[in-house]
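Step one of this worksheet: look at the structure below.
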Amino acid sequence: MKPHQQGTERVITSLDWLAVLPVGLLLRQVDLTGCGPTCITVSRWRPGAGAGGLEGTGLCVCKEDGAVCGSDGRSYRSVCALHLRSWVSLQSGGERIRKAHDGECKLAPVIVVSPKKIHNVTGAQVYLSCEVKAVPTPVITWRKVSESPKGVKLLEELPGDRVNMAVQVRGGPSKHEGTGWVLINPLMKEDEGVYQCHATNMAGEAHADGSITVTEQNKSKKASLLAWDNPS
């Protein structure tokens, strides 16, 4: 359901729209007895009425701009959006939703896009990437996973002293997301193995594995020639 125009006033016809509307958009009151403590009453102007075109006080706008975290664990664009959601919850027999704190709710890292499995030849340039969502924005690192002769799992922090490897991290592609890459150039046989994308913030941590399989280029060419000489 979309907002529609009525004069110069935009009227919201569905309560669910409040969570996605920009702060400051004029809304009809849900409670017609008056604006709540977090809102202010404003007049509206009718086109063509000149300076005397202001009439009534039946519209409310939110006084506070900024996201808040609700007691339901959800983030809201403004405290007014939270109060309206609480009103909807109470009307449907649910619980009152209160403001837990200013700012968005904390979210432990969640791997949105995991590293892939890659197969390439020595000398090539390859990379693995992962995307992580978290609030606050997570710290992303890369590790190479190996196993000791005694079967103990080992995690090597990257890039370490590897001259053919680089690790990069940036924000995005969406809000509260981060993307990390490990780039290898040129690819060597010893680079083969399992690589782990690890993300952490104050709310928790998460990780996901990808892998690189390496074929030596000379062996790859030889296999191609044999296949050409002996077609099936």
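Every number in this text was worked out from the coordinates using simple rules, so none of it is lab data. Computed from a predicted structure; not experimentally measured. When we count neighbours, we look across all protein chains shown, and the Cβ atoms used for this are built from the backbone with ideal geometry, even at glycine.
With a Förster radius of 41 Å applied to the beta-carbon distance between Lys150 and Lys175, the computed FRET efficiency rounds to 0.35.
Note on Cys80, Cys105: ascending count of other Cβ atoms within 10 Å places them as Cys105, Cys80, the fewest first. Among the listed pairs Lys106/Lys153; Lys153/Lys189; Lys106/Lys144; Lys99/Lys133, a Cα-Cα separation exceeding 27 Å is found for Lys106/Lys153; Lys106/Lys144. A compact globular protein would have a Cα radius of gyration near 2.2 N^0.38 Å; the ratio found for region 107-218 is 1.09. Each residue of region 207-216 is assigned a 3J(HN,Hα), and the resulting list reads 8, 8, 10, x, 8, 10, 10, 10, 10, 5 Hz, derived from the Karplus form 6.51 cos²θ - 1.76 cosθ + 1.60 (θ = phi - 60°), x at Gly and Pro. Arranged from fewest to most other beta-carbon atoms within 10 Å of their beta carbon, Asp161, Asp191, Asp209 become Asp161, Asp209, Asp191.
From a point 7 Å beyond the Cα of Asp209 in the direction of its Cβ, which residues of region 99-141 have a backbone N at a distance under 17 Å? 111, 114-119, 128-130, by backbone N distance to the label point. Exposure proxy shown here: for Met188, Met165, the number of other Cβ atoms within 10 Å sets the order, fewest to most, as Met188, Met165. Here the simple spin-label model places points 7 Å from the Cα toward Cβ, and for Val139 and Glu216 these points are separated by 4.0 nm.
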